[in-house]
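Trainee: Let me give you the structure first, and then I'll get to my questions.
The values are calculated or read from the model by the stated rules, or taken from the named source; none is laboratory data. This is a predicted model, so every value here is computed, not measured. Reconstructed Cβ throughout: ideal geometry from the backbone, glycine too, with neighbour counts over all protein chains shown. Keep in mind that these areas ignore ligands, DNA and RNA; they rest on the heavy atoms of the full protein, side chains included. Shrake-Rupley method; radii C 1.70, N 1.55, O 1.52, S 1.80 Å.
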Amino acid sequence: FKTCPGRVITKLLCSGEKEVDLAVQSAKAAFKIWSQMSGMERSRVLLEAARIIREQREEIATLETINNGKSIFEARVDIDISWQCLEYYAGLAGSLAGEHIQLPGGSFGYTRREPLGVCVGIGAWNYPFQIACWKSAPALACGNAMVFKPSPFTPISVVRLAEIFTEAGVPKGLFNVVQGGATTGQFLCHHPDVAKISFTGSVPTGIKIMEMASKGIKPVTLELGGKSPLIIFSDCALENAVNGALMANFLTQGEVCCNGTRVFVERKILDDFTKEVVKRTQKIKIGDPLLEDTRMGALINRPHLDRVQGFIKQAKEQGAQVLCGGDLYVPDDPKLKNGYYMRPCVLGNCTDDMTCVKEEIFGPVMSILPFDTEEEVVERANNTKFGLAGGVFTRDIQKAHRVVAALKAGMCFINNYNVSPVELPFGGYKASGFGRENGRAAIEYYSQLKTVCVEMGDVESVF
């Protein structure tokens, strides 16, 4: 495990089949206690966990920055969203209920909303702590236990979350952390006592997890990749649209699944928009992510940095023009000379058939594409295997709603981008996955309905 300057700070052992089984059995035992508690009792524990996170915000954010390489400024936002998520589901825990249905002759039926059991969460390395909270908060609110596997690139901060849950009063073993890569994930997916799997990560890995889960008929939630469109109409507020494009491309060094990396700009304002975006991009402060004024830290590791650089090289070979950035960045601080830094990149002269426009780069690379009509841009925006997100900037609110209604994407933004309140469901269409994180919708994916039919008279037999 390496920090953003490329120094090894700790070594962790991968959890094998034995360790995974111990974690699942521990969670299974805790589930028997937790699932029998009332929603209000569970709510109080989740609220206490939220309080601890809120009070230790700075410490956890610093840990996350070392863990991931993102700026401390962004890490604080991640931690705030994390405790807000726990608070939100604490608020829902006491209200989870089925319904009563009146039937003829005084008979009736009712439904019970019941937990699933031991749920598995498999996280990504771009938002380690936040993703763990997004998965565990609704799972625990519904009465489940969880075994969580963070990415092997960011194993640290989720361990702190496990400690916080214990401090808050969850039964011992209710939230367990196992460490490792694909093999550890396979042990979790195949384990007979695992009831559900929630995964955030790449499409190829999501396909494998779905295949493994199918062997045990386990429900899955998949939050996968994206190549999302951001549509800038000529009647937009230009400065706001530029801000939105920067937010849609350069948060967390561009390592965000829902980023709007295909920026479609109406031809009338193409030059003005591009000029302003390039000017603003060149001013982004890169460097030590623990410094207050840093706005872009280091990419996750050397292989990923090389992969992003490869996309830029290929884009140039296919005719795209590098308008700014794209090169490696070496900070002045000698302690950071081995860090995985690059300058944020804006590509012009892009066409829909270029690799940089079709494939998810997962780095700080924006592709700008001109368009002429609303019908044209909607068709081009939807011409992708992905469907995670999409955005529209326009002053014409009717057009905005018309366009987002036509976009084949699960999370759409109007005159903003990459805003993810925990109250709103998050998830994708098509190859971007299915199921939802956050909002009331997540309750459906961490619980199951039992129907009970009660007959108040004699049974009428047809025999």
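Trainee: Non-local amide H neighbours of Leu230 (under 5 Å, H modeled in plane, Pro and chain starts lacking H): which ones?
Mentor: Amide H neighbours of Leu230, under 5 Å, 5+ apart: Arg262, Val263, Phe264, Gly391.
Trainee: Under a 1.4 Å probe, what is the accessible area of region 229-414 per residue, stated in Å²? Please report the intermediate quantities before stating the final value.
Mentor: On the way: 7880 Å² over 186 residues.
Accessible area per residue: 42 Å².
Trainee: Expressed as a rounded percentage, what relative contact order does region 257-387 have, with Cα pairs under 8 Å and six or more residues apart? Mind showing how you got there, number by number?
Mentor: On the way: 186 pairs, mean separation 39.5, N = 131.
Relative contact order comes out at 30 percent.
Trainee: Going 7 Å from the Cα of Ile9 along its beta-carbon direction, which residues of region 275-294 have the amide nitrogen within less than 14 Å of the resulting point?
Mentor: Only 288-291 fall inside the zone, counting backbone N under 14 Å.
Trainee: With Rg and Dmax of the Cα atoms in Å defined as stated, name the option among (i) 22.1, 75; (ii) 23.6, 88; (iii) 23.3, 81 computed from the structure displayed.
Mentor: Structure-derived value, by its label: (ii).
Trainee: Now, a different point. Below 16 Å, Cα to Cα, which aspartates and glutamates can Lys283 reach? Residues fewer than 8 away in the same chain don't count.
Mentor: Within reach: Glu239, Glu292, Asp293, Asp327.
Trainee: Compute the orientation-averaged projected area for region 17-225 from the convex hull of its Cα atoms and round it to one decimal in nm².
Mentor: Averaged projected hull area, Cα only: 12.5 nm².
Trainee: Skip the ligands, DNA and RNA, and give the accessible area per residue of region 17-225 with a 1.4 Å probe, whole Å². Numbers along the way, then the final one.
Mentor: Numbers: 7890 Å² over 209 residues.
Ligands and nucleic acids excluded, the figure is 38 Å² per residue.
Trainee: Here's another thing I want to ask about it. With θ set to phi - 60° and the Karplus curve 6.51 cos²θ - 1.76 cosθ + 1.60, what are the ³J(HN,Hα) couplings of region 58-70 in order, to the nearest whole Hz, using x for Gly and Pro?
Mentor: Listing the rounded values in order: 5, 5, 5, 4, 5, 4, 5, 5, 5, 5, 10, x, 6 Hz.
Trainee: I'd like the distance between the alpha-carbon centres of region 309-365 and region 1-64, rounded to an integer number of Å.
Mentor: Cα centroid to Cα centroid, the span is 35 Å.
Trainee: Let me ask something additional. Roughly speaking, to the nearest percent, how much of region 229-414's 1.4 Å accessible area is carbon and sulfur?
Mentor: Here carbon and sulfur together make up 49 percent of the probe-accessible area.
Trainee: Could you check the spin-label model distance between His190 and Gln448? Points 7 Å from the Cα along Cα→Cβ, value in nm.
Mentor: 2.3 nm
Trainee: Based on DSSP, what percent of beta bridges with both residues in the chain are antiparallel, to the nearest 5?
Mentor: So the antiparallel bridges in the chain amount to around 35 percent.
Trainee: To the nearest 20 Debye, how big is the dipole of region 229-414 about its Cα centre, given +1 on the beta carbon of each Lys and Arg and -1 on that of each Asp and Glu?
Mentor: Numbers: 23 positive and 25 negative charges, 63 e Å.
Here the size comes out at about 300 debye.
Trainee: Here's something else I'd like to know. Taking a probe of 1.4 angstrom, what is the accessible area of Asp193 in Å², to the nearest 10?
Mentor: Counting only protein heavy atoms, the figure is 50 Å².
Trainee: Explain nothing, just the number: relative contact order of the chain, from Cα pairs under 8 Å at least 6 residues apart, as a whole percent.
Mentor: 19 percent
Trainee: Let's test the formula: R0 of 45 Å, r as the Cβ-Cβ distance of Ile414 and Glu163. What FRET efficiency results, to the nearest 0.05?
Mentor: E(calc), rounded to 0.05, equals 0.70.
Trainee: If you plug each phi of region 254-269 into the Karplus form 6.51 cos²θ - 1.76 cosθ + 1.60 with θ = phi - 60°, what whole-Hz ³J(HN,Hα) values come out, in order, with x for Gly and Pro?
Mentor: x, 8, 9, 5, 9, 3, x, 8, 9, 9, 8, 10, 4, 4, 4, 10
Trainee: Per residue of the chain, what 222 nm ellipticity follows from adding -39500 (n - 2.57) for every DSSP H run with n ≥ 4, rounded to the nearest 500?
Mentor: Helices in the chain give a 222 nm mean residue ellipticity of -12500 deg cm²/dmol.
Trainee: Fully extended, how many nm does the chain gain between Ser234 and Lys279 (0.36 nm per residue separation, minus their Cα-Cα distance)? Display every interim value, and only then the final one.
Mentor: Working: separation 45, 0.36 × 45 = 16.20 nm, distance 1.92 nm.
Gain on stretching Ser234 to Lys279: 14.3 nm.
Trainee: Also, quick follow-up: Using 18 Å as the cut-off for backbone N distance, which residues of region 244-279 belong to the label zone defined by a point 7 Å from the Cα of Lys358 along Cα→Cβ?
Mentor: 261-263
Trainee: Could I ask something else about it? In whole angstrom, note down how far apart the Cα centers of region 167-184 and region 126-141 are.
Mentor: Cα centroid of region 167-184 versus Cα centroid of region 126-141: 12 Å apart.
Trainee: Just how large is the dipole of the chain about the Cα centre, in debye to the nearest 20, putting +1 at every Lys and Arg Cβ and -1 at every Asp and Glu Cβ? Intermediate results must be reported in sequence, preceding the final value.
Mentor: Numbers: 51 positive and 51 negative charges, 180 e Å.
Charge dipole, the chain, about its Cα centre: 860 debye, nearest 20.
Trainee: With θ taken as phi - 60° and the coefficients 6.51, -1.76 and 1.60, list the Karplus ³J(HN,Hα) couplings across region 457-462 in order, rounded to whole Hz; mark glycine and proline as x.
Mentor: Rounded to whole hertz, the list is x, 7, 6, 8, 8, 8.
Trainee: What GluC sites (Glu not before Pro) does region 240-298 have in DSSP loop regions with at most 15 other beta carbons within 10 Å?
Mentor: Numbers: sites: Glu255, Glu266, Glu276, Glu292; in loops: Glu255, Glu292.
Loop-located and lightly packed - Glu292.
Trainee: Given the whole protein assembly as supplied and a 1.4 Å probe, what does the accessible area of Ile209 come to in Å², nearest 10?
Mentor: Here the accessible area works out near 10 Å².
Trainee: Separate question: Among Lys11/Lys149; Lys196/Lys358; Lys11/Lys316; Lys70/Lys135, which pairs are too far apart, with a Cα-Cα distance over 27 Å?
Mentor: Details: Lys11/Lys149 16 Å; Lys196/Lys358 32 Å; Lys11/Lys316 39 Å; Lys70/Lys135 21 Å.
Correct reply: Lys196/Lys358; Lys11/Lys316.
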